[in-house]
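The values are calculated or read from the model by the stated rules, or taken from the named source; none is laboratory data. Quick caveat: nothing in here was measured; it's all calculated off a predicted structure. No Cβ is skipped: glycine too gets one built from the backbone with ideal geometry, and neighbour counts run over all protein chains shown.
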Amino acid sequence: MPDMVFLAFLVVDGALAGAIYALVALAFVVVYKASRMINFAMGEWIMLGSRMVAAGMHAFGLGLGGALGFGCVGMVAVAMAFNRVVLRRLFSRSLLSLIMVTIGLGIFMRGSAALVFAGIPGGIARPLPLDPVVIQGVPVSPDKLVAAAIAGACIAALSWFFHGSRTGLALRAIASDQQVAMAVGIDLQRHFAITWALVGVLSVLSGTLWSFASGGGFGLELLGLKVFPIVIVGGLDSLPGTIVGAFAVGILESLTAGYIDPLVGGGFSHVASYVVLIATLCVRPYGLFGRPDIERV
Amino acid sequence: MDLRGRRGPGQAGKQQGEDCPPKPPTAALLEVDDLHVSYGRIRAVQGVSLMVPDAAVVALIGANGAGKSTLLRAISGIVRPHRGAVRYLGEDLVGLPVHRIVRRRVIHVPEGRGMLARMTVLENLRLGGFALKGAAHGKSDLERVFALFPVLRERRGQLAGSLSGGEQQILAIARAMMARPRLLMLDEPSLGLAPLLVREIFRIIPRLTAEGTAVLLVEQNARMALQCAAHAYVLQTGRVVLSGRAADLLVAPEVQRAYLGAG
């Protein structure tokens, strides 16, 4: 492939992956903004979400749409149960307890998924043919293209939800100042439940889209880990920054895979984003877009 | 002169054989009954009882640390008293979560205003009306508030954190009004504001009561508070030491000496 086309191919490929990373990162950031919780189990949520969809398809014979619906209902139920059974009781505990609880939940999800879905294949059938499409001379995988388009639509819908709906306004108020949110009559518990339900739905979507794009359930938990370089680069406090960070990480990984991997024997693309994470923290500890937490006294 | 705990309104500090003024004729909107609030071992409020009649202004004055802010926080549910009752329209509010109390249209504007600094003026106002289900009246409420405070209409797209102190206070009151309060509790609305702005804010209070909102006003500026209130309580180290008609307290020598800087 000629050089420019190769570069374009890498950038496009990375950006398409970045769209899906953005969905995952948004699920992570939404929880952080609402409650300052770091959800260490992001990968397990995605794994569980995609396994529910797979179960819907293989165990219940549902079509793709039905399986997605089934997955969403299941994950929302998991989120509500998690909020009611675990989080409500920890309401006034330290942040560290809340973070540890997410790790525990991740382990629980991994174990129970292995039990509950034993024997049910985890793959999700792709509805599209595999032949690569060539756009302006650049080969593009149609799976990735469609997956990215759907991810993009989801991000736009999320953005509309946060800025155009009453619930979205309440969630932003909670993210800004919990005390003030209570003072205007917002029910914090109910909105935490809504936030986690959103995480559930986003897990189903990103898990399914990633399965399409990467051809199989491999590495879904790795997807969860990618959140950290993304939010550090983009800033935990900024939704647009998170989206930019996701695309940046996607493109960086792709470029590394294309140019550096052949030199070092492969695998460096997985590490590259973490190198950037460390470098960013050294230079701008609040992330590229994050705001330092300075309050007017 | 004995300044110790006289309970209930309508009994001015008796001096020179004055008659007791008659009790306020309207029904009680809010009755605080022997409230005790502590922060750990610090007893901030020790057995306070007071009454706010419907659509009236009641002032709560006293020095810093007297327990006035704590009292408001206990009524609005932010802190929980360990003894006593807060009866609002007959129902005890103690133990209810903050958002439930807000939904009963008891609105607290705290000291320091409680702004959502990174959201716009308009968004702050919309949030004020959040507890009112149904957007039917949202637009007209907004228009009403903009009519009262034109400066907010001008600045509606600006981030709340970029407003001046006085504008933030106006925004805080406007936001509270969006919730159509039946009882509005203002904590130190004049704090840190230029006298001109203070006068403007105090001009708004009678308009609120004319529309049926009762106001419980905590103020260090005792003179302005007593001038605009119907009834008043004086708090000292967590206890009510004096109570009565605001007009009477305004001329009471103890009050003049301690809080009005006279003598």
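The table that follows gives values for the structure above.
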| read-out | value |
| --- | --- |
| Of residues in segment B:133-160 being of a type outside the set (A, V, I, L, M), surrounded by 14 or more Cβ atoms within 10 Å (Cβ to Cβ) and touching a residue at least 12 places away in the same chain (Cβ under 8 Å), the one farthest from B:R199 (Cα to Cα) | B:G138 |
| Check on B:L184, within 12 Å of another protein chain (Cβ to nearest Cβ), at pLDDT 90 or above and either buried (at least 20 other Cβ atoms within 10 Å of the Cβ) or in a loop (DSSP other than H, G, I, E, B) (or both) | no |
| Test set (1) in a helix (DSSP H, G or I); (2) in contact with a helix residue (DSSP H, G or I) (Cβ under 6 Å, 6 or more places away or on another chain); (3) of a type outside the set (D, E) - A:G185 fails condition number | (1) |
| Exclusive hit being touching a residue at least 40 places away in the same chain (Cβ under 8 Å), facing chain A (nearest Cβ under 9 Å) and closer than 20 Å to B:L71 by Cβ, set B:I101, B:I173, B:I107 | B:I107 |
| Close pairs from segment B:67-86: first within 14 Å of chain A (Cβ to nearest Cβ), partner part of a loop (DSSP other than H, G, I, E, B) and crowded, with 23+ Cβ neighbours inside 10 Å, Cβ under 7 Å, at least 6 apart | none |
| Which numbered condition A:I251 misses (of (1) at pLDDT 90 or above; (2) in contact with a Lys or Arg (Cβ under 9 Å, 6 or more places away or on another chain)) | (2) |
| Search result, residues across segment A:180-200 that are without any contact (Cβ under 8 Å) to a residue 12 or more places away in the chain and either within 7 Å of chain B (Cβ to nearest Cβ) or under 20 Å from A:V78 (Cβ atoms) (or both) | A:V180, A:M182, A:A183, A:V184, A:G185, A:D187, A:R190 |
| Qualifying positions in segment B:131-163 - polar (S, T, N, Q) and within 13 Å of chain A (Cβ to nearest Cβ) | B:S162 |
| Only listed residue being away from every other protein chain (no Cβ under 14 Å) and surrounded by 21 or more Cβ atoms within 10 Å (Cβ to Cβ), chosen from B:V241, B:V255, B:V198 | B:V255 |
| Single condition A:P129 does not satisfy, out of (1) away from every other protein chain (no Cβ under 14 Å); (2) modelled with pLDDT of 80 or more | (2) |
| Selection within segment B:114-130 - more than 7 Å from every other protein chain (Cβ to nearest Cβ), closer than 22 Å to B:R182 by Cα and part of a helix (DSSP H, G or I) | B:N124, B:L125 |
| Subset tally (residues that are part of a helix (DSSP H, G or I), under 17 Å from A:F9 (Cβ atoms) and free of Cβ contacts under 8 Å to residues at least 24 places away in the same chain) for segment A:125-175 | 1 |
| Scan of segment B:131-166 for residues that are part of a loop (DSSP other than H, G, I, E, B), charged (D, E, K, R) and out of contact with any Leu (no Cβ under 9 Å at 6 or more places or on another chain), ordered by number | B:K133 |
